[in-house]
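These notes concern the structure reproduced below.
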Amino acid sequence: MLLYLGTMDKRFLLILAALVVIFGSIFWLTKSKSNAPGTGSSQAQASNHVLGEGNKVSLVEFGDYQCPACGQYFPIIEQIKAKYADQISFRFANFPLVQIHPNAMVAARAAEAASLQNKFWEMHDLLYRNQTTWAQASNPSSYFEKYAADLKLDITKFKADSASAGVLATINADVAEAQGYGATGTPTFILNGKKIDSPTSIEAFSEVIDQAIKQAKQ
């Protein structure tokens, strides 16, 4: 009887030791994977699509390519970029509202893929100018591939980049940044690091920007 109990104790200790090794290995592998370069959301970098020569006043738009309001703001923002090209920097960042705009993420992927061939702004402009053409399409990718061809992009690379995890990580990093500013809809505008109410005309936008430029000079 004592021999039997001793054998059972040894078996229990061996099983316990094996479990410790197994769970220890799982913990180590998980930790190593989370710290590996290029993995995990902490490694993702937000996009950096910037125009303009100003370095004291910055305007950021968090936009959704399928959003009708963003489409309406597009010509206003074009005027703002032209008017203040030497006084402010303008940045566009992704904030696709996928719950209500099913094609927004695909469009954002297309723009970021074009960026990897140095054609971000060209694709950005085509997406907004043709928004009513592709917004409700069941397969918008065919339109985006045509735009890519028109821009003379490498279509094979464009398609691969559009579907890549790296492009998705960039978009998700933009979304996290937008949420950090308290953005809930599009377009959301950030002027010198602060969320502002969206001006509804070129005149109203100019007034807000002029004030920011004046303050920057003080």
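The values are calculated or read from the model by the stated rules, or taken from the named source; none is laboratory data. Keep in mind the model is a prediction, meaning the values are calculated, not measured. Cβ sites come from the backbone with ideal geometry, for glycine too, and all protein chains shown count toward neighbours. All accessible areas refer to the heavy atoms of the entire protein, side chains included, with ligands and DNA or RNA removed. Shrake-Rupley method; radii C 1.70, N 1.55, O 1.52, S 1.80 Å.
Accessible surface calculations at 1.4 Å, restricted to protein heavy atoms, place the stretch 95-218 at 52 Å² per residue. For SER89, the residues whose modelled amide H falls within less than 5 Å of its own, excluding neighbours fewer than 5 places apart on the same chain, are GLY54, VAL57, SER58, LEU59.
Greater than 19 Å separation of Cα atoms is the criterion. Which listed pairs, LYS56/LYS194; LYS119/LYS195; LYS56/LYS195, meet it? In this structure, LYS119/LYS195 exceed 19 Å between Cα atoms.
In this rough spin-label picture, where each label sits 7 Å from Cα along the Cβ direction, the GLN99-ALA69 distance is 1.4 nm.
Under a model in which nothing but the beta-carbon of Lys, Arg (+1) and Asp, Glu (-1) is charged, the stretch 71-191 shows a dipole of about 120 debye around its Cα centre. The Kirkwood radius of the stretch 60-147, taken over pairs of alpha-carbon atoms, gives through the Stokes-Einstein law at 20 °C and 1.002 mPa s a diffusion coefficient of 162 µm² s⁻¹. Legend: calculated FRET efficiency, SER138 to GLN45, from the Cβ-Cβ distance at R0 = 35 Å, rounded to 0.05, equals 0.60. Only protein atoms count toward the accessible area here, which uses a 1.4 Å probe; on the stretch 101-178, the carbon and sulfur part of that area reaches 52 percent. In this simple spin-label approximation, TRP121 and LYS194 carry label points 7 Å from Cα along the Cα→Cβ vector, and these lie 2.8 nm apart. Note on surface exposure: ARG129, ARG109 rank ARG129, ARG109 by accessible area, highest first, 1.4 Å probe. Using a probe of 1.4 Å, the accessible surface attributed to LEU151 totals some 30 Å² when neighbouring protein chains are kept in position. With the charge dipole of the stretch 63-209 set up from +1 on Lys and Arg Cβ and -1 on Asp and Glu Cβ about the Cα centre, the Cα lying farthest toward the positive end among the listed residues PHE74, PHE158, ALA85 is that of PHE158.
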